[in-house]
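Structure first, commentary second.
We did not get these values from a lab; they are worked out from the coordinates using the rules stated. No experiment lies behind these values; they were computed from the predicted model shown. Because the Cβ atoms are built from the backbone with ideal geometry, glycine has one as well, and the counts that use them run over all protein chains shown.
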Amino acid sequence: MIRYTLQCERSHGFDGWFRSSGDFDLQAEAGLLSCPLCGSVAIEKGLMAPAVRTAEKVAESTPVTAERAELPNSGDVALLGDKEQRLRAMIRALRDEVTKNAENVGPRFAEVARRMHEGEIEKGSVYGKASPEEIKSLAEDGIDFHPLPVLPDEGN
C-alpha cells in the first residue's frame, strides 16, 4: 500500500492509501476521491516526505500471528502498530454507527440525496451506492455527502 498526502482544490489536506500510484490516478480521474472536509472531488497529491523506518520502529510493530500467516495471499500487506489498530477500530465503529442509524437506499443514493437537498423529501441519514458520475454531479451541485469508509478486510 502507498500512503499519499492529498489536497483538495480548497487546500484541505488529508491522507489516502492506495495499492499503487496507478490506483490513485484511476480513482482521481473517475471522481471517486473526495475531501472529507468539504466533499470536493478535485483531489491532487500533496508534498510528501519519505517514510523511513528504523530498526527500533520495526521492533515495536505488532507481530503476525500464526492464524494470520495462514490466510490466503491477498497481495499487499502491512503490519499495524497500536496507533493504526486504534484508528482502524475507530473507522470500523464510524461505519457501524452510520449503517446502524441510517437507511440503506442502495443504488438510489444520488437520487435520494438530491431530493433531500432540494426539499422534496424530509432530510435524514441515508447511505448507499453511487457511480463516479453521480458523485461528481452531487459535489458540483453543492450537495453535502461523505464517503462511507471501508476497510480492506471487509471485502474478503
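Sort 1-14, 89-102, 22-35 by the packing proxy (mean of other Cβ within 10 Å over each peptide's residues), most packed first.
Sorting 1-14, 89-102, 22-35 by mean packing, highest first, produces 22-35, 1-14, 89-102.
Binning at 5 angstrom from zero up to the longest distance, how are the C-alpha pair distances of region 77-156 distributed in percent?
Binned Cα distances yield the sequence 3, 13, 21, 21, 15, 11, 9, 5, 2, 0.
If amide hydrogens are placed 1.01 Å from N in the peptide plane, which non-local residues have theirs closer than 5 Å to the one on Leu6?
Here Phe14, Asp15, Gly16, Gly46 satisfy the definition.
Taking H placed 1.01 Å from N in the peptide plane, check which residues at least 5 places from Lys129 or on another chain put their amide H under 5 Å from its amide H.
Excluding prolines and chain starts, which carry no amide H, the hits are Gly106, Arg108, Phe109.
Taking the Cα centroid of region 1-40 and of region 86-104, what is the distance between the two, rounded to the nearest whole Å?
Between the Cα centre of region 1-40 and that of region 86-104, the gap is 21 Å.
Would you kindly derive the ³J(HN,Hα) couplings of region 26-33 from the backbone phi angles with the Karplus curve 6.51 cos²θ - 1.76 cosθ + 1.60 (θ = phi - 60°), listing them in order in whole Hz, with x for Gly and Pro?
5, 5, 5, 5, 7, x, 7, 9
Net charge within 12 Å of Gly124 by Cβ-Cβ distance, Lys/Arg positive one each and Asp/Glu negative one each, not counting Gly124 itself?
0
Stretch Lys83-Glu29 to full length: gain in nm at 0.36 nm per residue minus the Cα-Cα span?
Between Lys83 and Glu29, full extension yields an extra 16.3 nm.
Note down the net charge around Gln7, summing +1 for each Lys or Arg and -1 for each Asp or Glu among other residues with Cβ under 11 Å from its Cβ.
For residues surrounding Gln7, the net value is -1.
What are the ³J(HN,Hα) couplings of region 119-133, residue after residue, when phi is run through the Karplus curve with 6.51, -1.76, 1.60 and θ = phi - 60°? Round to Hz, x for glycine and proline.
x, 6, 9, 5, 6, x, 8, 9, 9, x, 10, 8, 6, x, 5
Using Cβ counts within 10 Å as a stand-in for footprinting exposure, how do His146, His117 rank, fewest first?
With the fewest neighbours first, His146, His117 line up as His146, His117.
Extension gain Trp17-Ala93, at 0.36 nm per residue separation less the Cα-Cα distance, in nm?
Taking 0.36 nm per residue and subtracting the Cα distance, the gain is 25.4 nm.
Give me D for region 1-48 in µm² s⁻¹, whole number, from Stokes-Einstein with Rh from the Kirkwood sum over alpha-carbon pairs, 4 °C and 1.567 mPa s.
For these conditions, the coefficient is 124 µm²/s.
If we count every other residue with Cβ under 11 angstrom of Arg115's Cβ, Lys/Arg +1 and Asp/Glu -1, where does the sum land?
Overall, the nearby charge balance is -1.
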